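Data block below; observations after.
The values are calculated or read from the model by the stated rules, or taken from the named source; none is laboratory data. What you see is a predicted model, and the numbers here were worked out from it, not measured in a lab. Backbone-built Cβ (ideal geometry, glycine too); neighbour counts: all protein chains shown. Please note that ligands, DNA and RNA were not included when accessible areas were found on the heavy atoms of the full protein model with its side chains. Shrake-Rupley method; radii C 1.70, N 1.55, O 1.52, S 1.80 Å.
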Amino acid sequence: MKILIVLLALPILASAQRFPLRMIEGKLHVEICTDSGIQDIPITFGGAGAVFHFTSGCLVLKSAKRKLIGAETLKEFPQPIFLDFHKMEMEAGYSGESNFQPIPARFSAAGIEGIFRIRWKDYKFALDPGLDEGVLLTAQKSMRFLSGHSYRQINGRFYPGIGIGINGRDYGPGITIRKSGSNLIGNKFLSGFNWLIDFGRKKLSAVKNERVLDFAMATSPNAR
């Protein structure tokens, strides 16, 4: 009994573990265990988030005040965090394949910003696993790459002929230009890749998975 109490008192996991992921109404959730059974709570890359302990193969809430996984929660997991959108699993303390492509990124209390290329220019995008969208870019004065491209009016101007670049390959194609708001990448794009996130070293990388980007197809002939 004393050993059990000590284990439950540990703030978080001591080794690599996997947890089921689910997409609910376009938002990324992870499975947790409660007294009333299995529940799913949302994941965000910013903010404090809930405090957990690990027991019997489950994440268990220590408090019901915050029912989401935030950056502060993820920092306490063994690093790095692997988000496998193909198998819909989250692995903490990942030590598997190393064919991920690095993406320049900035980590802060607000979340993770990755730098992605559109045509010849780099843009910062916040990664938002709570957003049921693809790629949202705020309109700027000089956007010459839009010249000659047609668009459709879908929650802004959707340009189906333009992709977003990751390490020399364009994926999409399709970005939405909005008059205001932040530059965001949502789950319709995120889910087409597997992501490796290291909060301790502040590093972000990704690899294309087998899922087809559901809001458009890849522009690169070598990309899925």
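Within the set of pairs 6+ apart or on separate chains, which have a first residue in segment 157-176 that is under 14 Å from Phe145 (Cβ atoms) and touching a residue at least 40 places away in the same chain (Cβ under 8 Å), a second that is in a loop (DSSP other than H, G, I, E, B) and charged (D, E, K, R), and C-beta atoms under 6 Å apart?
Pairs that qualify, where the first residue is under 14 Å from Phe145 (Cβ atoms) and touching a residue at least 40 places away in the same chain (Cβ under 8 Å) and the partner is in a loop (DSSP other than H, G, I, E, B) and charged (D, E, K, R): there are none.
Just need a number here: residues in segment 117-135 that are over 16 Å from Asn194 (Cα atoms) and assigned to a strand (DSSP E or B).
9
Listed residues Val212, Val207; which is open to solvent by 20 Å² or more (accessible area, probe 1.4 Å) and without any contact (Cβ under 8 Å) to a residue 40 or more places away in the chain?
Just a single option satisfies the conditions, and that option is Val212.
Counting just the residues of segment 89-99 that are open to solvent by 20 Å² or more (accessible area, probe 1.4 Å) and under 15 Å from the mean Cα position of the chain (by Cα), which one comes out farthest from Arg18 (Cα to Cα)?
Glu89
Restricting to segment 155-179, name every residue that is farther than 24 Å from Glu25 by Cα and in a loop (DSSP other than H, G, I, E, B).
Gly161, Ile162, Gly163, Asn167, Gly168, Lys179 - these are the residues of segment 155-179 that are farther than 24 Å from Glu25 by Cα and in a loop (DSSP other than H, G, I, E, B).
Looking at Leu13 and the list (1) modelled with pLDDT under 80; (2) surrounded by fewer than 17 Cβ atoms within 10 Å (Cβ to Cβ); (3) in a loop (DSSP other than H, G, I, E, B); (4) not basic (Lys, Arg), which single condition is not satisfied?
The number of the failed condition is (2).
Among the numbered conditions (1) modelled with pLDDT of 90 or more; (2) more than 30 Å from Ala48 (Cβ to Cβ); (3) hydroxyl-bearing (Ser, Thr, Tyr), tell me where Tyr159 comes up short.
Condition (1) is where Tyr159 drops out.
Being over 15 Å from the mean Cα position of the chain (by Cα) and among the β-branched types (Val, Ile, Thr): is that true of Val51 here?
Yes: the conditions hold for Val51.
If you go through segment 46-83, how many residues are polar (S, T, N, Q), assigned to a strand (DSSP E or B) and at pLDDT 85 or above?
0
For Glu76, are the conditions met, namely being under 22 Å from Asn194 (Cα atoms) and more than 15 Å from the chain's Cα centre (by Cα)?
yes
Can you pull out every residue in segment 102-116 that is outside any strand (DSSP E or B) and open to solvent by 80 Å² or more (accessible area, probe 1.4 Å)?
Answer for segment 102-116, where residues must be outside any strand (DSSP E or B) and open to solvent by 80 Å² or more (accessible area, probe 1.4 Å): Ala109, Ala110.
Just to be sure before I move on: is Ser95 in a loop (DSSP other than H, G, I, E, B) and modelled with pLDDT under 85 in the structure I sent?
So Ser95 fails the test.
Of the residues Tyr151, Tyr171, Tyr123, which single one is among the aromatic types (Phe, Trp, Tyr) and open to solvent by 50 Å² or more (accessible area, probe 1.4 Å)?
Answer to the selection: Tyr151.
Sort through Gly70, Gly47 and tell me the only one that's buried (at least 19 other Cβ atoms within 10 Å of the Cβ) and over 27 Å from Arg169 (Cβ atoms).
After ruling out the rest, the residue left standing is Gly70.
Okay, residues lined up against (1) surrounded by fewer than 19 Cβ atoms within 10 Å (Cβ to Cβ); (2) of a type in the set (A, V, I, L, M, F, W, C); (3) at pLDDT below 85:
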{"site": "Leu131", "(1), (2), (3)": "no, yes, no"}
{"site": "Arg178", "(1), (2), (3)": "yes, no, no"}
{"site": "Gly186", "(1), (2), (3)": "no, no, no"}
{"site": "Asp198", "(1), (2), (3)": "yes, no, no"}
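What are the residues in segment 136-148 that are of a type in the set (S, T, N, Q), within 13 Å of Gly181 (Cβ to Cβ) and part of a loop (DSSP other than H, G, I, E, B), if any?
Gln140
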